[in-house]
């Protein structure tokens, strides 16, 4: 009996398989497009053609199919297809794809792709010599309501879908993060910097500018349902770049982008489209020049009033031992309610340099000299970008350090740091090391040295083997297993950023 049942079932299974293959003929493929067109299509590392390209799933492609699009001048984009069998259904989990297929391992005609085509947007490559700029994204303003989102999903209006794209309009912080994600990989080092917060305002001040986006329109006609949908989404975005000093508009642009959704939640569409709009903004050719000009103007404004100082009388010494003993007389300990740091005189009539973080927001600080007396010093100006401050005490005929040439420093050249490390009782301590390198960090140039720089050394001078100042000690990298990595602002840069000249 069992054998007879099996014989009866075999023709039926063959019939069903044949019918399914006929009904689903051609649905195991989709048209793969790219913007711009003409991208080479690689499947599992083998070139198959160029976009527009029709991809057919074949069991020979394996259980994990890797599709990559390549085009000269653009970053490659990859799609990882990871099929698995579950109750007769093939699920494809991919970076851009999540496509269910009805499957019969022996018949690729039974595989089903629920979209006819999909477009992959390629991103332009960034030239290796392209300068990078910090770009705080302050916020994303919303100029439409969820009811003003135009279009449909199937037969439902987008604006009425409970978890539709309009839902994202209620979360502007998430939208700002989408802009940041879109700018990643470009020449802009983007970060979400919320205004009127300490960290946000600090990031904006350092960058000299900030970016604001405003969503002004959204349209889409999608297939699928409220769980997963497909199709093009048009988004209108107005961009404004503001200067941080007076909130003036430096640049404005409105762009409309088309984002191609594939098996995505309707609630995620706005974020994806906004990310693409940010990519397109980063590709605007004139924008790097606008940003560079704005940053330069911001730096100039931060320099403040110009000071012209009289070159100090040279300190008298013979040999290395006498040199250091003479130099420490021009180095001071600066005390505030929050602690202490170091500084040094650059003129005989009482002008001196230190770090901004040593004086913080104080107008007056106490300055103790190696000779034992203490004077009040006025904080004339600070430059927070470079962590610098210019101070003045009312005195004459004080010993001052000569200004050296940091541009002439050679790798491995001997350097000395003078300051007050750890405790005020350790005033005018001297440490020795070498120049380890010249580094660009966060858009600024630093001298790297293995000279011992500890808390309290900040603001003290770094001098060369001739006894002239080449840098202002500013920070040290510390941590488990990290030793001998200190940094100083080059003296030429310190004077320039404080708008100080010595004649």
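Screening the range 109-214 for strands (runs of 3 or more DSSP E) wholly inside it with 1 or more residues that are farther than 19 Å from residue 242 by Cα, under 25 Å from the mean Cα position of the chain (by Cα) and touching a residue at least 12 places away in the same chain (Cβ under 8 Å) returns the ranges 117-121.
This table checks each residue for (1) within 24 Å of the chain's Cα centre (by Cα); (2) buried (at least 17 other Cβ atoms within 10 Å of the Cβ); (3) closer than 30 Å to residue 391 by Cα; (4) assigned by TED's automatic domain parsing to the domain that holds residue 381.
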site	(1), (2), (3), (4)
247	yes, no, yes, no
260	no, yes, no, no
264	no, yes, no, no
275	yes, yes, no, no
286	yes, no, no, no
292	yes, no, no, no
298	yes, yes, yes, no
337	no, no, yes, yes
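Here 367, 358 are screened, and the one residue that is in contact with a strand residue (DSSP E or B) (Cβ under 8 Å, 6 or more places away or on another chain), buried (at least 21 other Cβ atoms within 10 Å of the Cβ) and more than 19 Å from residue 493 (Cβ to Cβ) is 367.
For the range 255-264, the criterion of being in contact with a strand residue (DSSP E or B) (Cβ under 6 Å, 6 or more places away or on another chain), over 23 Å from residue 130 (Cα atoms) and not in a strand (DSSP E or B) is met by no residue. For the range 315-333, the set of residues classified as within 21 Å of residue 390 (Cα to Cα) and either at pLDDT below 90 or not in a strand (DSSP E or B) (or both) consists of 327, 328, 329, 330, listed by residue number.
Across the range 213-240, the number of residues qualifying as under 17 Å from residue 280 (Cα atoms) and buried (at least 20 other Cβ atoms within 10 Å of the Cβ) comes to 7. The set of residues in the range 26-41 being modelled with pLDDT under 95 and closer than 19 Å to residue 61 by Cβ consists of 26, 27, 28, 29, 30, 31, 32.
Scanning the range 394-413 for any residue that is in a strand (DSSP E or B), closer than 25 Å to residue 359 by Cα and modelled with pLDDT of 90 or more turns up at least one such residue.
The values are calculated or read from the model by the stated rules, or taken from the named source; none is laboratory data. Note that the structure is a prediction, hence the values are computed from the model and not measured. Backbone-built Cβ (ideal geometry, glycine too); neighbour counts: all protein chains shown.
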